[in-house]
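Here is the structure we will look at, set down as C-alpha cells.
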Amino acid sequence: AMAEGEGLLSVDYEVSGKVQGVFFRKYTQGEAKRLGLVGWVQNTSHGTVQGQVQGPAARVRELQEWLRKTGSPQSRISRAEFRNEKKIEALEHGDFQIVK
C-alpha cells in the first residue's frame, strides 16, 4: 500500500563494474519485485547494466541504494549512475522485466 502523500518516481540507472555474467539482471528483478517496483533491466553492449525503475519514492531510493552497494552476490559495482529522475502520475510499466 502506498503511503499518503508519497509520490511516484521514475529514474533511469546504469551500473558499471563486474555486472554482466553474474546474474545481476535476475537479482535486480528480484529486488525490484520484492520492493513492489516496476521497470526493466538489460545488459548493454559496453559491459554495463541499465534500466528504469518506477514506484513509490522511498522504495525507489531503496533500490538505488541496492544498485549502488549490493547487486548480485558475485558482482563488483564500481559505479551506479542515475538520470532523468522525475515525478510521475502513474506507473508506465506493468511489472519489472529483464530485457534481452
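What follows is calculated from the coordinates using simple rules that are stated; it is not laboratory data. Because the structure is a prediction, the values reported are computed rather than measured. Cβ sites come from the backbone with ideal geometry, for glycine too, and all protein chains shown count toward neighbours.
The structure shown yields P(r) over Cα pairs in 10 Å bins from 0, in percent, and of the options (1) 10, 17, 23, 22, 17, 8, 3, 0; (2) 17, 54, 25, 4, 0; (3) 13, 33, 30, 20, 4 that calculated value carries the label (2). Full extension of the chain segment joining ARG68 with LYS26 gains 13.5 nm, where the gain is 0.36 nm per residue of separation less the Cα-Cα distance. Partner lysines whose Cα lies under 26 Å from the Cα of LYS100, excluding those fewer than 8 positions away in the same chain, are identified as LYS18, LYS26, LYS33, LYS69, LYS86. If only the Cβ of Lys and Arg carry +1 and only the Cβ of Asp and Glu carry -1, the dipole of the chain around its Cα centre is close to 520 debye. Where does helix 57-69 land angle-wise versus the long Cα axis of the chain, in degrees 0 to 90, nearest 10? Roughly 10 degrees between the two axes.
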